[in-house]
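Scroll down for the structure; my scribbles are underneath it.
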Amino acid sequence: MCRKEYKVGDRIFYETYPNKEICTDIIKRIKNESYIDNNGKEIPFKWFVLWESGNCSSGIEDYNCLPYNDPRVKEFAKKYKDFDKNKKDILNSICKMICQYDKLAQIELIDLLKIKLNIE
């Protein structure tokens, strides 16, 4: 089966179980993994890390991502179309503003932004 080649920063869509809700996340990191199938054959796959904090992380296998042409994904993706189109410009603008400060100040600015946006 041919799978899309995803990269860090790509948006993926997947279905949660057991409620079958369609969800989306941005890939933070990609790890090459494998499992042994029932016939003893090693099956490679990519593990997409979607969240990390300290030694904890969560993610999804590449083969569990829904294709962009899935009708449920097409409808759900409309919410993110404008953001995904502009996210590179948004990131570049933020980076341009904070890159003049040292690493500690940049971390503080990001923490303040999280507080302002009620993130974490």
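The values are calculated or read from the model by the stated rules, or taken from the named source; none is laboratory data. Everything quoted here is computed from the prediction, not taken from an experiment. Please note: Cβ atoms are built from the backbone with ideal geometry, for glycine as well, and neighbour counts cover all protein chains shown.
Yes/no per residue for (1) surrounded by 14 or more Cβ atoms within 10 Å (Cβ to Cβ); (2) among the hydroxyl-bearing types (Ser, Thr, Tyr):
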site	(1), (2)
Tyr6	yes, yes
Pro18	no, no
Lys28	yes, no
Lys31	no, no
Gly59	yes, no
Ala77	yes, no
Asn86	no, no
Asn92	no, no
Leu104	no, no
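Here Tyr6 meets the list (1) closer than 16 Å to Asp84 by Cβ; (2) hydroxyl-bearing (Ser, Thr, Tyr); (3) more than 15 Å from the chain's Cα centre (by Cα) almost entirely, failing just condition (3).
Results for (1) part of a helix (DSSP H, G or I); (2) assigned by TED's automatic domain parsing to the domain that holds Lys4; (3) in contact (Cβ under 8 Å) with a residue 60 or more places away in the chain, shown as yes or no for each residue.
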site	(1), (2), (3)
Asp25	no, yes, no
Phe45	no, yes, no
Ser58	no, yes, no
Tyr80	yes, no, yes
Met97	yes, no, no
Leu109	yes, no, no
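Can you name the residue in the stretch 111-120 that is in a helix (DSSP H, G or I) and closer than 18 Å to Ile90 by Cα and is also nearest to the chain's Cα centre (by Cα) among such residues? Once the filter is applied, the top-ranked residue is Lys114.
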